[in-house]
Structures are given as structure tokens and as C-alpha cells.
Amino acid sequence: MVDFIAKPVNPDVLFRTLLRWLSPAGAPPPGTPTTVSSPLSMPTPIPRGLDKLPGLDIAAGLRTWRQVEVYTKFLCKFAIDYASSAHDIKRACAVQDTSTAGALAHKLKGAAANLALTDVAHWAGAVDQKIKAGASVTDALVRLQEALDVSIQSITQYAPPQTLPSDTVASLAPEHRDQVAALLTDLLRALDADNPDTAEPLVVTLSQWIAPARLQVVRDTLSDFDFRGAQAATRLLGESLDIVLPA
């Protein structure tokens, strides 16, 4: 059996690839098209009129997050946390603080990509590249702000603002930051290897320092063996704690 699946792993592609190689004797040879659907692919209906919201690829987001409630919760949190990101980057650039500006752009790109906010991810990436190249970011920042405004409007249409529980936004004690960062990094490695036996104890250990509500999305996706969703949730958790995790 020799094949290749690119990361991030799409569950449907994984299933179709396995199906080609694990078919019983007499089945069509590898490479034969198949119309069998993946049991991991549970189509979630998108309300009429919301399937083509600008800047928000709901179908792609749901393929990662699986659960509508979880996805909408983090979309709302993005709208709260990142609404002023372009202005923050602009202020950092104005005082020649390219390190902070680049970090903000990179963080915004990752959060937007995890949530399928396509235009924001694109322009945040463009801003990040221009900062690294020492080029002017003026035009790209304008486009980034436009993308943010449009995407936040789309989020509001799809997922009306929610009041997040207080323990989902509580800060992490400074003395625990390094320890939590190491645990989150180890958790990402375990999830990348699709290894729940290693991942679950790490989540339990993290619960010593992180409130249950903040870990709930990671727990839920992990219990569903949705490793890509758990990875995305772990990265967003790290970002919410201002912890930079490895790519």
C-alpha cells in the first residue's frame, strides 16, 4: 500500500484513499472512481440564503469543526477578538515595530484560516509577507480592513453575537504559561499523529490550569475522533491565551 494524503487531512479524502486500498478481492482496482460517501462526512444543512456569505466559507468551516454550535461560538469570539486587528497592525507599523505587526498579522491569518474566513486569511497573509519583505503594507492593510468588515458582517448574519461565559475569556496565570505552552505543543503533536491515547491525558493535565469551558471544544472534537477539528480548537485556544504554537 503506497499513497499520499496532504495535510491538513481532509476526512473524506482519507476515507476514499483507504477505500481504494482496503477493498475486498474482486473490487475495482486502485484508482477506480467511487461514489461511496465517507461515514465521517456528516453534511450539516446550511440555512437558505447563508450558503454564499462573502468572506465566510461555511461549508469548509463545518467540515473542520463538525458541530454548528462549536463553529458559531468561535466565529463570534473571532468577531470580538479581531475586529480591530488591522488598526493594531497599522499602529505597530507606524512606530516601526515590525516584530509586533508581523506577529499580529500571522496570528490573524491562522485564526481566520481555521474558521474558513477566506478573505481575511488571504489579506492577513499578504500583510505578513510584506512586513517580512520590508515592503509597504498600506494598500494591503486597507484591503485587510475591508475583508474584516465584510467577514464580521457575514458572521453576524450566520451566527448572531453570543455572550461567552466568563471562564472562557479568563487569562492564564503568568507562572503557568510556559508549562501550558509545552502541553499544548505536545497535544498538537499527538493530534497530528491521530493518537487519542496520548492526547486525552494531556487534555486532563491542561485542565489543572485552564477552565473546563475553555477546553470543552477540544474535548468534544477529540471524543468524536475529529483530530483536525481538535487541532484547530487547540490552536485557537493557544491564540486566546497569547501562546504562539509551532506550525
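Just so you know, all these numbers are worked out from the coordinates, no wet-lab data involved. Keep in mind the model is a prediction, meaning the values are calculated, not measured. Neighbour counts run over all protein chains shown; Cβ positions are idealised from the backbone, glycine included.
Residues Tyr71, Tyr158, arranged from fewest to most other Cβ atoms within 10 angstrom of their Cβ, appear as Tyr158, Tyr71.
A straight chain from Arg143 to Phe225 at 0.36 nm per residue would run longer than the Cα-Cα distance by 25.8 nm. What residues of segment 108-138 lie in the reach of a label at Asp242, counting those whose backbone N is under 20 Å from a point 7 Å from the Cα along Cα→Cβ? Under 20 Å, as judged by backbone N against the label point of Asp242, lie 108-112 of segment 108-138. Using just the C-alpha positions of segment 58-158 as equal point scatterers, what log10 of I(q)/I(0) does the Debye formula give at each q in 0.16, 0.25 1/Å? The calculated log intensity ratios at q = 0.16, 0.25 Å⁻¹ are -0.62, -1.27.
Legend: ranking of residues Ser85, Ser223 from fewest to most surrounding C-beta atoms inside 10 Å; resulting order Ser223, Ser85. Residue-normalised convex hull volume from the C-alpha trace of segment 93-247: 130 Å³ per residue.
With respect to the cross-link table entries Lys52/Lys130; Lys73/Lys109; Lys109/Lys132; Lys77/Lys107; Lys52/Lys107; Lys77/Lys109, which display a Cα-Cα separation exceeding 21 Å? Walk me through the numbers on the way to the answer.
Working: Lys52/Lys130 30 Å; Lys73/Lys109 19 Å; Lys109/Lys132 14 Å; Lys77/Lys107 14 Å; Lys52/Lys107 26 Å; Lys77/Lys109 15 Å.
Flagged as over cut-off: Lys52/Lys130; Lys52/Lys107.
The relative contact order of segment 58-158, computed from alpha carbon pairs under 8 Å that lie at least 6 residues apart in sequence, is 28 percent.
Arrange the following residues from fewest to most other Cβ atoms within 10 Å of their Cβ: Cys93, Cys76.
Values: Cys93 22, Cys76 19.
Going from least to most buried by this count: Cys76, Cys93.
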